[in-house]
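To start, the structure under review is shown below, and the notes come after it.
The values are calculated or read from the model by the stated rules, or taken from the named source; none is laboratory data. Note that the structure is predicted; figures quoted are calculated from it, not measured. Note that we place each Cβ from the backbone using ideal geometry, even for glycine, and neighbour counts take in every protein chain shown. The area values use the complete protein model at the heavy-atom level, side chains included, leaving out ligands, DNA and RNA. Shrake-Rupley method; radii C 1.70, N 1.55, O 1.52, S 1.80 Å.
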Amino acid sequence: MKKSTDADLGRWLSTRSTGWAAMSKSAVKISLDLLSNPLCEQDQDLLNMVTALDTAMKRMDAFNQEKVNQIQKTVIEPLKKFGSVFPSLNMAVKRREQALQDYRRLQAKVEKYEEKEKTGPVLAKLHQAREELRPVREDFEAKNRQLLEEMPRFYGSRLDYFQPSFESLIRAQVVYYSEMHKIFGDLTQQLDQPGHSDEQRERENEAKLSELRALSIVADD
């Protein structure tokens, strides 16, 4: 019995959740570091921009943490609970395999006596072997029948079990990215300079960068 697919999915989601949380925490730290920069004390416009960025990063972190918590509750924990049934299933399969080995061993013993000359001692041993075989065969057939009946139902139930989890995962993603679009849309409106296109901003940045490059302290050797 293999559970690698479900386990791998759980590990992947757990890793992704950890990554999301680390990313948003890093973004908040960057905005806090910028706020503590002395340049913000000297330039009110820069302070306003960094403050807006810090607010946006904190909103992003809050929503990100909410998404991580929801994924943990609705997806990762159900995956772990589902995986917990595998030891019992594996044990049932092992018991069936052991019963099969016992059945084959005694069946071979019966067949050996059946092939021999039918003397009194041989017939007695054959009868004894058949008596030993009967309960072992019945035990194997019962275990085998149980697995044949229940394993397809178990595999078929996985879709019903996981469907609510995946629906929750999709909804969490939709809500998260909708909120991120709103947060960064609001941030863009706060930082945008009226009448400035992306091309104009790029030209202004290049001009400022050229001025910096022209300084002797950053001139190439």
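Does residue 168 qualify as being polar (S, T, N, Q) and touching a residue at least 40 places away in the same chain (Cβ under 8 Å)?
Yes.
Here are some residues: 73, 81, 94. Which one is surrounded by fewer than 15 Cβ atoms within 10 Å (Cβ to Cβ), closer than 30 Å to residue 134 by Cα and of a type in the set (Lys, Arg)?
Within the list 73, 81, 94, the selection yields 94.
When the residues of segment 56-65 are filtered to those that are open to solvent by 30 Å² or more (accessible area, probe 1.4 Å) and without any contact (Cβ under 8 Å) to a residue 40 or more places away in the chain, which remaining residue is farthest from the chain's Cα centre (by Cα)?
Here the answer is 58.
For residue 48, state whether it is under 30 Å from residue 187 (Cα atoms), open to solvent by 80 Å² or more (accessible area, probe 1.4 Å) and part of a helix (DSSP H, G or I).
In short, yes.
Pick from 166, 154, 162: which is open to solvent by 50 Å² or more (accessible area, probe 1.4 Å), closer than 30 Å to residue 87 by Cα, at pLDDT below 85 and of a type outside the set (Lys, Arg)?
166
Could you list, in sequence order, the residues of segment 98-116 that are touching a residue at least 24 places away in the same chain (Cβ under 8 Å) and within 13 Å of residue 129 (Cα to Cα)?
102, 103, 106, 107, 109
Which of (1) in a helix (DSSP H, G or I); (2) open to solvent by 70 Å² or more (accessible area, probe 1.4 Å); (3) basic (Lys, Arg) is the odd one out, the single condition residue 118 does not satisfy?
With (1) in a helix (DSSP H, G or I); (2) open to solvent by 70 Å² or more (accessible area, probe 1.4 Å); (3) basic (Lys, Arg) applied to residue 118, the lone miss is (1).
I need every pair where a residue in segment 25-39 that is more than 15 Å from residue 62 (Cβ to Cβ) has its Cβ under 6 Å from the Cβ of a residue that is surrounded by 14 or more Cβ atoms within 10 Å (Cβ to Cβ) and modelled with pLDDT of 80 or more, sequence separation at least 6 or different chains.
Listed pairs, sorted by first residue: 34/50; 35/50; 35/54.
Identify, from the list 158, 134, 145, the residue that is farther than 30 Å from residue 78 by Cα and out of contact with any Pro (no Cβ under 9 Å at 6 or more places or on another chain).
134
Are there any pairs, at least 6 apart or on different chains, whose C-beta atoms fall under 6 Å, with the first in segment 70-95 and under 30 Å from residue 174 (Cβ atoms) and the second open to solvent by less than 80 Å² (accessible area, probe 1.4 Å) and polar (S, T, N, Q), and if so, which?
Correct list of pairs: 71/17; 74/165; 74/168; 75/165; 76/14; 78/165.
Just need a number here: residues in segment 97-115 that are open to solvent by 70 Å² or more (accessible area, probe 1.4 Å) and either within 13 Å of residue 143 (Cβ to Cβ) or among the β-branched types (Val, Ile, Thr) (or both).
Selection size over segment 97-115: 3.
Hey, can you tell me all the residues within segment 86-109 that are polar (S, T, N, Q) and within 29 Å of residue 125 (Cβ to Cβ)?
98, 101, 107
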